[in-house]
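Working notes for the structure below.
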Amino acid sequence: MELLSLMERLVALASVCAFPCSILLFGFVLNVSANAEGDALNAWKTNLSDPNNVLQSWDPTLVNPCSWYHVTCDSENSVTRVDLGNANLSGQLVPQLGQLLNLQYL
């Protein structure tokens, strides 16, 4: 009888710990995704000539690029728009931009 009680306690403890762990894992996955998008935009930035310093807010150390000027994100902090019209930038696109899976406007 004592072994059964111990097993029940272990199962209860495991179920209590599973929920917070899943929330932490989900948050980590979202941050990794956002960082990948920031890394993609930063890779593009390093390949551009920016004589007017338009991209000065593009700080790769931030959690995600949603606070950068000229970048718009959806409610899940995924980049949907990069609007750099009339910014006097020159350079080439980079393959990393393919990581912006929800990008609708460039």
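The values are calculated or read from the model by the stated rules, or taken from the named source; none is laboratory data. All values reported here derive from a predicted model rather than from experimental measurement. Neighbour counts are summed over all protein chains in view; Cβ atoms, including those assigned to glycine, are modelled from backbone coordinates with ideal geometry. Ligands, DNA and RNA are excluded from the accessible area calculation, which covers all protein heavy atoms including side chains. Shrake-Rupley method; radii C 1.70, N 1.55, O 1.52, S 1.80 Å.
Name the residue that is most open to solvent (accessible area, probe 1.4 Å), counting only residues in the range 51-66 that are farther than 14 Å from Leu89 by Cα and β-branched (Val, Ile, Thr).
Step by step, filter the range 51-66, then rank; the result is Thr61.
In the list Asp83, Asp74, which residue meets the criterion of being within 12 Å of the chain's Cα centre (by Cα), at pLDDT 95 or above and among the acidic types (Asp, Glu)?
Unique residue meeting the criteria: Asp74.
Please give the number of the condition Arg81 fails out of (1) open to solvent by 80 Å² or more (accessible area, probe 1.4 Å); (2) out of contact with any Cys (no Cβ under 9 Å at 6 or more places or on another chain).
Only one criterion is unmet by Arg81, namely (2).
Tell me which residues, restricted to the range 58-75, are in contact (Cβ under 8 Å) with a residue 24 or more places away in the chain, in a loop (DSSP other than H, G, I, E, B) and more than 14 Å from Gln104 (Cβ to Cβ).
Those that are in contact (Cβ under 8 Å) with a residue 24 or more places away in the chain, in a loop (DSSP other than H, G, I, E, B) and more than 14 Å from Gln104 (Cβ to Cβ): Leu62, Val63, Asn64, Trp68.
Output the qualifying pairs, or none if there are none: Cβ atoms under 6 angstrom, residues six or more apart or on different chains, first residue in the range 29-41 and within 18 Å of Leu84 (Cβ to Cβ) and modelled with pLDDT of 50 or more, second residue among the hydrophobic types (A, V, I, L, M, F, W, C) and part of a helix (DSSP H, G or I).
Going by the 6 Å Cβ cut-off, the qualifying pairs are Ala40/Leu97.
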